[in-house]
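Quick notes on the structure that follows.
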Amino acid sequence: MPTLTQPDSAIVMTMTARPAGLRADARRNREHLIAIAAEAFAAGNQTISLDAIAKRAGVGSATLYRHFPTREDLVEEIYRDQIRPLRDDAHALLASQPPDRALHIWMGRFAAWATERRGICEALAAMSASGRFGTGPVCDEVQQILGELLSAGAQTGHLRADVDPIDVGSMLAGLLSVAGAAEHRPQFDRMLAIVVNGLRPGGS
């Protein structure tokens, strides 16, 4: 599976947007932790522990866990803003494709995006397994995009109207958990086609 690319300065600045209510020193610690973790993941160190990240950042483990209780929380925060261009991609697809086809293409493109960021695949799979999908910055963004695509499909009759975007997101995370590697893409594509067919009226 490809390693992550080094985030450019614009992405790092955006993804370290200051949460409301934090003191200046707490904000600095949080932003520094995100930057250190991003560097580690970009270098291909996908298995680095949270304690090791805290040590690299020069803060105590308690400080890291206060900001990011789980590894999934940290990984999602790193990639929160990098997913937002995919919303524009969904809108462009809806403008040029039937909604069911737009959904199919977009889910495939999201999978390619996530495959290049191994930590995201792992985080989404963990959230799906624990029932947490639909919480957190990346999951929220995916859920909203899927909601727009599903709603458009329901309005035109191309997709069922009784589908919850959280369920579809969990299915997508499940596909990535078993076929998220680049070399497994043919299997992913076959399974994705089955999922999308099931979202059409009558499952056709």
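For Y65 and R27, FRET efficiency with R0 = 22 Å and r from the beta-carbon atoms, rounded to 0.05?
It comes out at approximately 0.85.
Multiply the residue gap between A161 and A43 by 0.36 nm, knock off their C-alpha separation, and tell me the result in nm, one decimal place.
38.2 nm
P(r) for the stretch 77-162: what percent of alpha-carbon pairs falls in each 10 Å bin, starting at zero?
Histogram of Cα-Cα distances, whole percents per bin: 18, 48, 30, 5.
Taking 7 Å along the Cα-to-C-beta vector as the label spot, tell me the K55-I194 distance in nanometres, rounded to one decimal.
4.3
Once label points are set 7 Å from the Cα along Cα→Cβ at both R87 and Q187, what is their separation, rounded to one decimal in nm?
Spacing of the two 7 Å Cα→Cβ label points: 3.4 nm.
Based on the mean of other Cβ atoms within 10 Å per residue, sort peptides 116-125, 63-72, 170-179, 80-89 so the most packed one is first.
Highest to lowest by the protection proxy: 116-125, 170-179, 63-72, 80-89.
Any read-out appearing in this document is the output of simple, stated calculations on the displayed coordinates, not a laboratory observation. Keep in mind that what you see is a predicted model, and the values were worked out from it rather than measured. So basically every Cβ, Gly included, is an ideal-geometry build from the backbone, and we count neighbours across all protein chains shown.
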